[in-house]
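Notes for the one structure printed next.
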Amino acid sequence: MKEENEQNSRRKFLKFGLLAGGATLTALGLQQNILGEAKATTGEKVKVMTADGKLVEVDSALVNHHAADTHLTQDQIRQGIEGRRFVMVIDLARCANERKCIEGCQKMHNTLPPIEYIKVKRMQDAELTAPYWFPQPCYHCDNPPCTKVCPVDATFKRTDGIVAIDSDRCIGCKFCMAACPYSARSFNFGRPQQEAYDKKNPCDDDHCCTTKASTVGTVSKCDFCPEHAAKGELPKCVTECPNGTIFFGDENEDTVSNGEETFRLSELLKSRAAYRQFEELGTKPRVYYLPPVERQFPFEEAKEAHNREE
Amino acid sequence: MSLNQIKSDKTTYETFTQEEYMVMKDELLRPVQRTGKWGKAWIAFLVVVCLAGLYAYYIQETRSKYLTVSLRDYTMWGVYISNFVFFVALSLIGVLMSAVLKLTHFEWYRPLSRIAEVIAVAAIMLAGVSIVAAMGRPDRLHFLFLHGRIQSPIVWDIIVIITYITTSLILLFIPLIPSLATCKNHLHNKPKWQMKMYEWLSFGWEGTPEQWKILKKSIRILTVLVIPLGVSIHTVTAWLFATTLRAEWDSTNFGAYFVSGAFLLGVAGMIVAVAIFRKAYKLEKYLTPMHFDKLGQALVLMSFIYIYFNVNEYLVPAYKMSSLHANHLLNLFTGDEAAVYWSVVFFGMFMPAILPLFRSMRKPVPLTIIAVVVVIAAWFKRYLIVIPGLAHPYLPIQDVPESWKHYSPSLVEMTIVAATFAAMMLIVTLFSRFFPIISVWEVAEGKLEGKDEIINYK
Ligand code: SF4
C-alpha cells in the first residue's frame, strides 16, 4: 500500500516534471489509471530530471522514451497542464495595428491568410468615441458556448483553462462555430493554396501546435499554444508584437508577461480597469482587455486592405 | 346492405360486397395497376435530378470545398442547413394532416392521411440527407454514436428524429396492411416479386374481427404518440439555433415559432400534393373541392398563427432595437436581404392569410397556386432564419476576401438541394405506384359510417 502510494506520487511528480519542462518523457499515469493496475517494474533504473532541477532515479517502466518529443499525447491534450490557469491580457493602448501577432501566429500554425486565429479589428463603439485597434484571439472562455454544443466532445475545456480541439475527433458539423459569439473559430475548407502550403511545410513538432490546422473538414482556432506553454514559452503572438501589446501568463501564479515586462495580473487588471468583451453574454472569457487610454500611439487608419486574395 | 345493418354488425368491413366498393377499389388501385407514359417520364426526370445531385456530392467530397461550396468562416451554415430545417418542417405535415385531424374527428382527413404520412416520412429522410451533405467529415458520421454526448442539441435532434422516423414508418405501415391484402387480391399482371412483396408485407391479413381490433388500437396509440414527437422534432431543431448566443437566434420564442411555421408549410404542402394526385391519378372523386375548401380555411388559420409568432420574433426586438439585434434586424428590414424578407412576409404570410378568406380563392386552381407560392416562400423563410444573420455577428467582419462577406450558394450546393427535392418526390411517387395512395378501407369506412360528406360534397 505504501509502496503504491509512493509510486503514485512519484508518477504525479514525473508528470508535472514532464509538463513543466522535463519534456523528454511521457508519463503513463492515465493509461495506468484506466487499466487499474501499475505496470510491472523492469528493475532497470533511469535517471530523469524533475521540474526543480533534481536528478532522480526511477524504474524505466514508468517512463516512455521519446527523444526530444514535445508533442503531447491525446490524453494530455484533453487534460491540460496541471496546476496552470492560463490568461491573456491585451493592452489596447499599445496596439498600432502592426499585425505582427497575426503573422507570427500564421507561421506558427502553418496557416495562410486569410485564415487568422488572432485578428486585429478596427473598433469604434459610438460615433463620438475614438476608434481603436482590437486584437482578438480565441477567448478560451470559462463558460464556453462552443464546447457545450459539440456532439462528439471534439472541442473541450481543459483544466488549465484552454479550450482545445481534437481534430481527429471533429466531425465538421460547425455547430461550435455557430455557437461562438466572437466568431473565433475557423473551418478548414481545404483551400487549395493552404493545401499546397501544408504539403510543403509539414507540421513538425518544433514549430507547431496541438490543434492541427491541416486537417481538412475540421474546425481550428487559436489554442494558446499549449506545447509552448508546456515548455514555459510564450505564444508567438505575444513575442512577435513589437509594442508588447499582448501579455500571457498564469492566473495561479498571478503573473503575466509580454516577454519584456512582467506584471502581477491582479494589480494590472485593477489599476488599468480591465474588462472582458461582451461580459453580458456570460461566457467568462480568459482574455482581458485594458482600455485604450493614454495611448502609446495616435490612432491611424489602416493604409491598405488586407487579405483581399480569395 | 343498408346502413343500419352495417352499424349493427360492425366487424364485417372486409366483407363488403357492394358494387360501389368495388368501383372504389378499382379507382384507387388504378395508379398502382398502370403507370402511363407521363408517369414514367416524371419518374425518369426525378431520377435524373437525383443522379445529378449524387454527382454534385461526389464532386463536393472529392475536390476542395473552398471551391465547390460557397461556405466560409462566417457563413459556415448555408442552404444545406436551411434545407434541413425546411424538410423537418415539412415532415410535420403527417402530424397535422393525419394525426390531428384523425383525433379531432374531422372526417375529411380520410383520403388525405396516407398522402400526408408518406410525405412526412420522405421529408424527414431528406432532412437527414441534407445534414450529412453539410458535414465537414461525413466519414466520421459514426463518431456520433461512438462519442455522442447528451449535452449537445445535435444529439437530442438525432434521438427525436430517429424516434419520429420509426413511429411515422409504423404509422404509415399499419393502416397499409389491409390495403396490401387488397393489392394482393385485386392487382393482376404484376411481376412475381411485387405480388410476393404484398403477400409478405400483409402478414397474413385476413380481416378477421380480431385483426381489425388490433389494427385500430395500434393506429390510435401511434396517432396519439406521433403528435408530441412531431412537435418535439421541430422544437429541438429550433433549439439547435436558440441554444446559441447569436442575436438572430437568441429567442425564447423559437420552438413555437418553428412549429407554427411548420404547420403553415404542412397545409400548403398538402394542398399542392392533393392537387397533383387529384389530376395525375384522376382521383377527383375522392380528393374533392371540399378538401380544397377545408384546406384553404386551415391555411388562413395557420397563416394568422404564424404571423402572430413572427410579430413576436421580429417586431418586439425591433421596437427595442438593442444594439446586439440592430445589426441583423436592419439587414433584414432595409439591408441586403430586405427584398427577400418582405417578399416572404407578403407571399408567405399575408397572402395566404387574406386571399383564401374569399370562397372563390378556395377553389382547386387558385388555392393550388397560392399554396405553391407559400411553399416557395417557406423555403426562403428558412434561408432567412439560418443564413443572413451569420454574416452579421457581434464583432465586425474585417480583413477578409469578398466571398467571406456575402454568401450565395454554389452550383454544387443548389444541385444537391434540388436533388433532395427530387428524391423526396421520387419516394412519394414510387410509393404511390406500389401502394394505393388513398387508403381504400379508411375511405370506405368513413362512407359506410355515414360520413359520405367526403365523397358527396356539393
Ligand atoms: S465542428 Fe467539430 S468541434 Fe465543432 S461542434 Fe462540430 S464536431 Fe465539435
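Shown is the FRET efficiency for A:Asn252 and B:Leu141, computed with R0 = 35 Å from the Cβ-Cβ distance and rounded to the nearest 0.05: 0.30.
Label-to-label distance for A:Lys199 and B:Ala280 is 4.7 nm, based on points extended 7 Å past Cα in the beta-carbon direction.
Other residues within the sphere of radius under 14 Å centred on the Cβ of A:His306, judged by their own Cβ, net out at -1 (K and R +1, D and E -1). The angle separating the long axis of helix B:37-62 from the principal Cα axis of greatest extent in chain B is about 30 degrees. Placing a pseudo-label 7 Å from each Cα along the Cα-to-Cβ vector at B:Ile221 and B:Thr104 gives an inter-label distance of 2.6 nm.
Of the listed pairs A:Lys236/A:Lys270; A:Lys199/A:Lys284; B:Lys184/B:Lys217; B:Lys65/B:Lys381; A:Lys199/A:Lys221; A:Lys148/A:Lys200, which have alpha-carbon separations greater than 31 Å here? Kindly include the intermediate steps, with their values, before the conclusion.
Details: A:Lys236/A:Lys270 26 Å; A:Lys199/A:Lys284 38 Å; B:Lys184/B:Lys217 24 Å; B:Lys65/B:Lys381 26 Å; A:Lys199/A:Lys221 20 Å; A:Lys148/A:Lys200 36 Å.
Violating the 31 Å limit, Cα to Cα: A:Lys199/A:Lys284; A:Lys148/A:Lys200.
Could you work out, residue by residue across A:276-289, how many beta carbons of other chains sit within 10 Å of that residue's beta carbon, and then give the average as an integer?
Partner Cβ neighbours, averaged per residue: 1.
Using the Cβ-Cβ distance between A:Glu280 and B:Asp336 with R0 = 22 Å, the FRET efficiency computed as 1/(1 + (r/R0)^6) comes to roughly 0.20. B:Ser260 contributes about 10 Å² of solvent-accessible surface, heavy atoms of the protein only, 1.4 Å probe. Could you please report the charge total around B:Phe45, scoring K, R as +1 and D, E as -1 over all other residues with beta-carbon less than 15 angstrom from its beta-carbon? That works out to +3.
Rounded to the nearest 10 square angstrom, B:Asp139 shows an accessible area of 90 square angstrom against a 1.4 Å probe.
May I ask for the angle, rounded to the nearest 10°, between helix B:153-173 and the longest principal axis of chain B, with both axes built from Cα atoms and the value confined to 0 to 90°? Helix B:153-173 and the main axis of chain B meet at about 20 degrees.
Rounded if a/c is under 1.5, else prolate if a/b beats b/c, else oblate: with a ≥ b ≥ c from the C-alpha gyration tensor eigenvalues square-rooted, which is the stretch A:113-268?
Values: a/c = 1.43, a/b = 1.31, b/c = 1.09.
Here the stretch A:113-268 falls in the rounded category.
A helix-only calculation puts chain B at -21500 deg cm²/dmol for mean residue ellipticity at 222 nm, using -39500 (n - 2.57) for each DSSP H run of at least four residues, averaged over all residues.
Quick one: go through the stretch B:335-356 and flag any residue whose amide nitrogen is under 14 Å from the point 7 Å out along the Cα-to-Cβ line of A:Glu127. Zone members listed by number: none at all. Per-residue mean of foreign Cβ neighbours for A:147-160 is 4 (Cβ atoms of other chains, 10 Å radius). The packing ranking, built from the mean of other Cβ atoms within 10 Å per residue, places the peptides A:127-134, A:152-159, B:190-197, B:147-154 in the order A:152-159, B:147-154, A:127-134, B:190-197, highest first. Separation of the stretch A:116-145 from the stretch B:274-326 is 42 Å, based on Cα centroids.
Among residues other than A:Glu253 with Cβ under 10 Å from its Cβ, the summed charge is 0 (Lys and Arg +1, Asp and Glu -1). Note on B:Trp239: accessible area is roughly 110 Å² with a 1.4 Å probe, heavy atoms of protein only.
The values are calculated or read from the model by the stated rules, or taken from the named source; none is laboratory data. What you are looking at is a predicted structure, and each value in this text was computed from that prediction instead of being measured. Backbone-built Cβ (ideal geometry, glycine too); neighbour counts: all protein chains shown. Note: accessible area is taken over every heavy atom of the protein model, side chains too, but ligands, DNA and RNA are not part of it. Shrake-Rupley method; radii C 1.70, N 1.55, O 1.52, S 1.80 Å.
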